[in-house]
Amino acid sequence: MLISPTTGYPLVNANFTYQGDRAPDFTTQLTNTLTYKGLQFTFLFDFRKGAKW
């Protein structure tokens, strides 16, 4: 976003410009829980692929 130095308002562009797509092509999640002698360890891997900035 560009701000006008004289007015302080955002500058508006009349032409549409592609700014990217923040939604990923796919997401993958893997959750696992390990238990040993009453101690529990849970972890999550979260992977996202394909967003365009």
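Only the coordinates and a few stated rules stand behind these numbers; no lab work does. Since the structure is predicted, the reported quantities are computational estimates derived from the model, not experimental observations. With ideal geometry, Cβ positions are generated from the backbone for all residues, glycine too; neighbour counts draw on all protein chains shown.
Here are the numbers for this structure:
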{"item": "Residue with peak Gaussian network fluctuation, the chain [Cα springs, cutoff 10 Å], from GLN40, GLN19, GLN29", "result": "GLN40"}
{"item": "Cleavage-rule hits, trypsin sites (Lys or Arg not before Pro), the chain, DSSP coil, Cβ neighbours within 10 Å at most 12", "result": "ARG22, LYS37"}
{"item": "Options PRO24, SER4, PHE47, ranked by Cα towards positive dipole end of the chain, top entry (Cβ charges)", "result": "PHE47"}
{"item": "Alpha-carbon Debye profile of the chain, log10 I(q)/I(0) at 0.18 Å⁻¹", "result": "-0.78"}
